[in-house]
Amino acid sequence: MNGEYYKTKESVKEYIELAKDVNGAELIEKLKQVLPLKSDLLEIGSGPGTDWAILNESYTVTGSDNSSEFLNHLIAKYPNGEFLNMDAITIKCEKTFDGIYSNKVLHHLKDNELIKSIKRQSEILNIDGIICHSFWKGKDFEIFKGLYVNYHDEEKIKDIFKDYFEILSIKSYQEFEEGDSILLIGKKK
Ligand SMILES: C[S@@+](CC[C@H](N)C(=O)[O-])C[C@H]1O[C@@H](n2cnc3c(N)ncnc32)[C@H](O)[C@@H]1O
């Protein structure tokens, strides 16, 4: 069970301030190479909404998060946006999408939870649907600010996704330090 960070007003305010200078623009450029503009896209774990705003320039994007505090912030900041209170594991959602994007969210899931999430992602994706997810690279897990953080390497990600997704690309990149992150782009099988 994850802790309360991301769930309180104070921690959400702190996270928004800490993350104000980072965004997924480079990852979204990679997504745009495989997912046509104007496609229906679901973002999981929109948090502060920085990536949501960039995605919204190119796609019909639905944001989501399982934190009511982040959702309050998103709705206040982007009143015309569409946002769902949705958990990444169960993905309770009636709509289907052409793509699913997340930036540093799925590492909060344990391996068995990630497997459930991947199955649901496949179910809510249209034919040839695209996924684009970033992860922290490493081994094992840690508890950081009370939150579960699952580290992955390329082999583990390939293995976990392979039943439901064809891997189009999997590459390490730098968020803060060289090779600290992995970007996966896949297509629904
Ligand atoms: C590290 S932040 C990343 C936020 C945003 N994607 C960004 O790049 O700044 C993780 C986000 O995922 C959300 N989150 C964590 N676990 C989640 C889950 N199981 N389902 C949905 N959202 C989750 C948190 O509330 C938070 O907004």
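The values are calculated or read from the model by the stated rules, or taken from the named source; none is laboratory data. Note that the structure is a prediction, hence the values are computed from the model and not measured. Glycine gets a Cβ as well: all are built from the backbone with ideal geometry, and neighbour counts include every protein chain shown. Heavy atoms of the whole protein, side chains included, go into the accessibility calculation; ligands, DNA and RNA do not. Shrake-Rupley method; radii C 1.70, N 1.55, O 1.52, S 1.80 Å.
Here is how the numbers come out for the structure above:
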quantity	calculated
Residue within the range 14-30 that is surrounded by 15 or more Cβ atoms within 10 Å (Cβ to Cβ) and more than 12 Å from the ligand (Cβ to nearest atom) present	yes
Output for the range 57-69, where each listed residue is out of contact with any strand residue (DSSP E or B) (no Cβ under 9 Å at 6 or more places or on another chain) and touching a residue at least 12 places away in the same chain (Cβ under 8 Å)	69
Which listed residue, of 139, 110, 156, 119, is more than 16 Å from the chain's Cα centre (by Cα) and either touching a residue at least 12 places away in the same chain (Cβ under 8 Å) or closer than 21 Å to residue 18 by Cα (or both)	139
Qualifying residues in the range 126-184 (those that are among the hydroxyl-bearing types (Ser, Thr, Tyr) and surrounded by fewer than 18 Cβ atoms within 10 Å (Cβ to Cβ)) - the one nearest to residue 98 (Cα to Cα)	169
Residue among 171, 158 that alone is assigned to a strand (DSSP E or B) and among the basic types (Lys, Arg)	171
Matching residues, the range 1-56, being in a loop (DSSP other than H, G, I, E, B), polar (S, T, N, Q) and touching a residue at least 60 places away in the same chain (Cβ under 8 Å)	2, 8, 39
Yes/no for residue 35 being closer than 20 Å to residue 164 by Cβ, more than 13 Å from the ligand (Cβ to nearest atom) and crowded, with 22+ Cβ neighbours inside 10 Å	yes
Odd one out for residue 66 among (1) within 12 Å of the ligand (Cβ to nearest atom); (2) under 21 Å from residue 117 (Cα atoms); (3) open to solvent by less than 50 Å² (accessible area, probe 1.4 Å); (4) out of contact with any helix residue (DSSP H, G or I) (no Cβ under 7 Å at 6 or more places or on another chain)	(3)
Residue list for the range 57-67, restricted to those being among the acidic types (Asp, Glu) and in a loop (DSSP other than H, G, I, E, B)	57
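Results for (1) more than 12 Å from the ligand (Cβ to nearest atom); (2) over 27 Å from residue 188 (Cβ atoms); (3) open to solvent by 20 Å² or more (accessible area, probe 1.4 Å); (4) aliphatic (A, V, I, L, M), shown as yes or no for each residue.
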| site | (1), (2), (3), (4) |
| --- | --- |
| 12 | no, yes, no, yes |
| 49 | no, no, no, no |
| 73 | no, yes, yes, no |
| 84 | no, no, yes, yes |
